[in-house]
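The values are calculated or read from the model by the stated rules, or taken from the named source; none is laboratory data. Just so you know, these numbers come straight off a predicted model, no measurement behind them. Here the Cβ positions follow ideal geometry from the backbone for every residue, glycine too, while neighbour counts run over all protein chains shown. The accessibility values were calculated without ligands, DNA or RNA, using every heavy atom of the protein model including side chains. Shrake-Rupley method; radii C 1.70, N 1.55, O 1.52, S 1.80 Å.
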Amino acid sequence: MSGELPPNINIKEPRWDQSTFVGRANHFFTVTDPRNILLTNEQLENARKVVHDYRQGIVPPGLTENELWRAKYIYDSAFHPDTGEKMILIGRMSAQVPMNMTITGCMMTFYRTTPAVLFWQWINQSFNAVVNYTNRSGDAPLTVNELGTAYVSATTGAVATALGLNALTKHVSPLIGRFVPFAAVAAANCINIPLMRQRELRAGIPVTDENGNRLGESANAAKQAITQVVISRILMAAPGMAIPPFIMNTLEKKAFLKRFPWMSAPIQVGLVGFCSMSVTSLEAELQAKIRETSPELRRVYFNKGL
């Protein structure tokens, strides 16, 4: 699109219609585009300038709508939405695909020995800690103590689960042993996420009506949100960690991998929202407040987080 760019394009929202699957897919493919991690500091700063200028009503001559949206997504990929600080490279959403593919593939390849389990589970939880810190809330940031507690607890839980299951699966089918890394990751998520978000469990998270009007904070909504995040994190890991064991178990019996065993890790690497709840599920005092201000309201909405 060329010509005079209108000053009222809402770049605070995604470019595509989020009520459709295609719109959501386009948005998240753009947000997680791994090519963004290759951008130079000059390109990132230029994108920031374009976005900040446009929000102030300054439109550079010749700027097209496509260029504006490209700048917006580059900006969103590298700068924290609350603080505006440039985020740590490996903690950005654009780094998730290459980093998770590599770490997951290696966890599922090198799982048979204790040193390998210790090393790769530690690498995985260290990466998770960097991601959680990088994408922390600007309004309620994690303290160093909270981050450290979650990191140590999740790493300990993952390693203990992996080593314990490795010991139990020594005398069963090798295929069963290949699922040990998945079980370790699931255990770590069950520990890590509630600890990382313990402040929300105490103070609650914002709940709104269908128009986005804030009604208050609810610890019950936080419990539901965190439960959903734990389940979704485990389910998201399932395709990449539950399907490859069957494939690798078959491939390793073939002549190719017996001849080139070093190919196991690269092949393994290669294989590899908003919610609502009923008002009656909220705390009694918040229900009373809502009945006073919005007696007809039946459901409230909250962001479950990542």
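From the list I37, I9, which one is surrounded by 16 or more Cβ atoms within 10 Å (Cβ to Cβ), β-branched (V, I, T) and either within 12 Å of I74 (Cβ to Cβ) or in contact with a helix residue (DSSP H, G or I) (Cβ under 9 Å, 6 or more places away or on another chain) (or both)?
Working: I9 fails: surrounded by 16 or more Cβ atoms within 10 Å (Cβ to Cβ).
Being surrounded by 16 or more Cβ atoms within 10 Å (Cβ to Cβ), β-branched (V, I, T) and either within 12 Å of I74 (Cβ to Cβ) or in contact with a helix residue (DSSP H, G or I) (Cβ under 9 Å, 6 or more places away or on another chain) (or both) holds for just one of I37, I9, which is I37.
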Open item on the list: Yes or no: the stretch 12-29 includes at least one residue that is over 29 Å from S126 (Cα atoms), under 18 Å from the mean Cα position of the chain (by Cα) and open to solvent by 70 Å² or more (accessible area, probe 1.4 Å).
Closed with: yes
TODO: Considering only the stretch 22-68, state which residues are among the polar types (S, T, N, Q) and outside any helix (DSSP H, G or I).
DONE: T32, T40, Q56, T64
Open item on the list: Could you go through the stretch 44-54 and let me know if any residue there is within 22 Å of M236 (Cβ to Cβ) and open to solvent by 30 Å² or more (accessible area, probe 1.4 Å).
Closed with: no
Open item on the list: Are there helices (runs of 4 or more DSSP H) fully within the stretch 101-213 with at least 2 residues that are outside the structural domain of L282 (by the TED database) and among the aromatic types (F, W, Y)? List them.
Closed with: 114-134
- [ ] Select from the stretch 169-205 the residues that are crowded, with 17+ Cβ neighbours inside 10 Å and farther than 30 Å from M108 by Cα and list them in ascending order.
- [x] E200, G204, I205
TODO: Specify the residue that is nearest to E296 (Cα to Cα); the eligible residues are those in the stretch 206-234 that are surrounded by fewer than 20 Cβ atoms within 10 Å (Cβ to Cβ) and of a type in the set (S, T, Y).
DONE: T208
Task: Test: residue in the stretch 61-77 that is under 23 Å from N100 (Cβ atoms) and in contact with a strand residue (DSSP E or B) (Cβ under 7 Å, 6 or more places away or on another chain) - done: no
